[in-house]
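Enquirer: Structure in structure tokens, see below.
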């Protein structure tokens, strides 16, 4: 198991901690919320409004009362989770991630627009910037002086753009998992399917009927995060990417890393991590929880250890 003491430990070589390969039926049940389990820890559900008046629903999880991060006040820091496309906060992988992080950190996990119980329509990370900002503002109002964000795929795009577009110090740390540097150029077959969903009214209706996802007919080019990533500094940035990501190859992470400024770090996850939620194993979540302790204490993400 990964350490919860503050030192990241690589356990990805352990087969028991590798992501399970879900078949089409299980993936459909996950998206529709039929196979969802409840959050294990103490939690409460909250409702937020974005600046453009979209209703969001989130779940706030608190760590056990006995847990205290050394050198930190009880209300010093919290973490926001922003999920990927065709997901929601109650999807199994995100429930597990939130529960594991909440062993050390207060966590707010959101349904982004067009997904789950949220209103509005998905824009693949474009207007989802407002969702991230609404979540951060809610945590600030709750009294948290330090707020870190963990975004996955589409959520990673939203988090990168929210941090890069300002205002300055909007976030205190950023973790982008399986983030695309660009979306519309040199599309993989998997991304080409998503592009059809966006460009075709019939495909958007099919996505809503089959998956419950509401997709906007028009949006900008939100995944061109490489244009804004340099402006994230001096906020510490962590990029996490799998070698076998079939949506966005590893070069996307390297492009983002080259464009970013210090402090920044890249975790290249071995084959088996895949894309986004497929890699959110318990071992990875514990390693990320420890890394969040480190970045909160030092202002820099630790390098991936093996």
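The values are calculated or read from the model by the stated rules, or taken from the named source; none is laboratory data. The shown structure was predicted, so the numbers you read here are calculated from the model rather than taken from an experiment. All Cβ positions, glycine included, derive from the backbone under ideal geometry; neighbour counts span all protein chains shown.
Rundown of residues vs (1) in a strand (DSSP E or B); (2) closer than 28 Å to residue 139 by Cβ; (3) out of contact with any strand residue (DSSP E or B) (no Cβ under 7 Å at 6 or more places or on another chain); (4) modelled with pLDDT of 90 or more, yes/no style:
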position: 169; (1), (2), (3), (4): no, yes, yes, no
position: 187; (1), (2), (3), (4): no, no, yes, no
position: 206; (1), (2), (3), (4): no, no, yes, no
position: 220; (1), (2), (3), (4): no, yes, yes, no
position: 223; (1), (2), (3), (4): no, yes, yes, no
position: 247; (1), (2), (3), (4): no, no, yes, yes
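Enquirer: Can you tell me which residue among 211, 266 is closer than 21 Å to residue 158 by Cβ and at pLDDT 95 or above?
Expert: 266
Table: residues versus (1) without any contact (Cβ under 8 Å) to a residue 24 or more places away in the chain; (2) buried (at least 22 other Cβ atoms within 10 Å of the Cβ); (3) under 29 Å from residue 168 (Cβ atoms).
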{"position": "228", "(1), (2), (3)": "no, no, yes"}
{"position": "254", "(1), (2), (3)": "yes, no, yes"}
{"position": "260", "(1), (2), (3)": "no, yes, yes"}
{"position": "290", "(1), (2), (3)": "no, no, yes"}
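Enquirer: Let me ask something additional. Within the range 119-132, how many residues turn out to be more than 18 Å from residue 198 (Cβ to Cβ) and either in contact with a helix residue (DSSP H, G or I) (Cβ under 6 Å, 6 or more places away or on another chain) or at pLDDT below 95 (or both)?
Expert: Selection size over the range 119-132: 1.
Enquirer: Residue 278 - would you say it is more than 17 Å from residue 79 (Cα to Cα) and part of a helix (DSSP H, G or I)? Even if it seems obvious, please write down each step before you answer.
Expert: Values: more than 17 Å from residue 79 (Cα to Cα): yes; part of a helix (DSSP H, G or I): yes.
Against the criterion (more than 17 Å from residue 79 (Cα to Cα) and part of a helix (DSSP H, G or I)), residue 278 qualifies.
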